[in-house]
Every structure is written in structure tokens, then in C-alpha cells.
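Okay, structure first, notes after.
The values are calculated or read from the model by the stated rules, or taken from the named source; none is laboratory data. Here the structure is a predicted model, which means the values were calculated and not measured. Positions of Cβ are generated from backbone atoms using ideal geometry, with glycine treated the same way; all protein chains shown enter the neighbour counts. The area values use the complete protein model at the heavy-atom level, side chains included, leaving out ligands, DNA and RNA. Shrake-Rupley method; radii C 1.70, N 1.55, O 1.52, S 1.80 Å.
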Amino acid sequence: MPDNSKLTNILITAFPAFKSRNYKLYFSGQLISLIGTWLQIVALGWLVLKMSNSAFLIGLITALGSLPSLFFTLFGGVLIDRFPKKKILFITQGSAMILAITLGMLNVFDVINVWEIAVIAFLMGTVAAIDIPARQAFVAELVSKDQIPSAIALNSATFNAARVIGPGIAGLLLAWIGTGGAFLINGLSYIAVIAALYSMNIN
């Protein structure tokens, strides 16, 4: 059997950010949530395609989810400077969870329309415009100054890993439980981040 303590020491030596309990909680929650996000991205495109068979509408929904980051990120930066980042993340993650579950419920009960998808995609993009810079800035509060490069590298690795794992899981789930179930699972994935935030000790 592998020596867990030895493996842990090797991991901490390679990635000093894991010395921080807060960062370990953050890393785990983020990985689960980001996998859920990529799951939803795939499911959303598939749902719009099934409903409309329109490449234009797929592109429009994608644009509506991305445009808020272009227009509202500066506003998000102002909020982050003025309010505690942990509280902002509670609000953004909770809002994203509600939107994902709403999307899933509308889909499961088959009462969803393309315009509703468009509105939810825009709202999710607006939440992300605040959430993404808040997450990036929050890392500096979780680790010591010498651990910041390690934390940044791990954040990039988390995003890239989720981008690979999420679509793969999406393919399986779409065949098994459909798009509505995929949206609901993404909504539940936010619990991992919210629980991690709740468990952190921030001075």
C-alpha cells in the first residue's frame, strides 16, 4: 500500500499552496464546480440545437453568456475592492446555483423556451463577470505571499482539468439523464464551493 504521508509531503513540496488548509478547501470546491460549469456549457449548446436546429441561435446564446464579462468586469472589480471577497463569492456562487437549478427545472418539466435560455445565459454571464475576478483576487487571501505562484499555477491546472473532464462527463450524462438532469447536477456542484467557503477561516 502507498505511504499516504509520503505522497502528501511530495505533493506539498511540489505545490506549496497546499500547505494552506483554506486553499485546499478552495481547490477541491473549485474543481467540482468548474467540472459542473463545463458540463452545463455542453448541455446548453445541445439543448439549443435540439430546440431550434439553428447554428445562429447557438452562437447567440454563447455570446449572451460571454458579453457581460466584457461590459461588467470593471464594475465587478470595483465591488471586489469595496466588499469582502468571501461574501461576494457566497452571493455569486449562490446566484449561479439558483440559475442553474432554475434552468434544469424548466427543462425537466419541458416548459423552457429559447428566450428563457437566452435570459438565463445572460444572467449567468453577469454573475460570472463579478465571480471570476473575485475568485482570482481571493486566492491571495488564502495563501502566504511565497505560495501565490503555486496557487496561480494550480488554478490554471484546475481550469484546464475541468475543461477536459467536464465535457467527457457531459456526454455520458446527456445520454443517461438528459440536459435537464445535467443542469441540475451543475446546480448541485456549487454546493462544493459554498461549503468550502463556509469552512474557511479568514482573518
Simple Cβ-charge dipole of the chain, Lys/Arg +1 and Asp/Glu -1, about Cα centre, in debye nearest 20: 460
For MET200, MET124, give the ranking by accessible area with the largest first, probe 1.4 Å. MET124, MET200
Which of the peptides 163-173, 39-49 is most tightly packed, and how do the rest follow, judged by the mean count of other Cβ atoms within 10 Å per residue? 39-49, 163-173
Quick one: what do you get for segment 80-141 if you divide its Cα Rg by 2.2 N^0.38 Å? 1.32
Per the charge dipole of segment 104-177 (beta-carbon charges, Lys/Arg positive, Asp/Glu negative, Cα centre), the residue among LEU154, PHE122, TRP176 reaching farthest to the positive end is LEU154
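Take every Cα pair under 8 Å in segment 13-132 that's 6+ residues apart, average their separations, divide by the length, and report that relative contact order as a whole percent. Show your work: numbers first, answer last.
Numbers: 69 pairs, mean separation 43.0, N = 120.
Averaging sequence separation for qualifying contacts and normalising by length gives 36 percent for segment 13-132.
Given only helices, namely DSSP H runs of n ≥ 4 each adding -39500 (n - 2.57), what is the per-residue ellipticity at 222 nm of the chain, to the nearest 500 deg cm²/dmol?
Values: 7 runs with 175 residues, N = 203.
When only DSSP H runs of four or more count, the value is -30500 deg cm²/dmol.
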What angle, in degrees between 0 and 90 and rounded to the nearest 10, separates the Cα long axis of helix 114-142 from the longest principal axis of the Cα atoms of the chain? 10
Putting +1 on Lys and Arg Cβ atoms and -1 on Asp and Glu Cβ atoms, find which of ILE98, VAL111, ILE80 reaches farthest to the positive end of the dipole of segment 45-201. ILE80
Extending each Cα 7 Å along its Cβ direction at ILE202 and PHE109, get the distance between those two points in nm, one decimal. 3.5
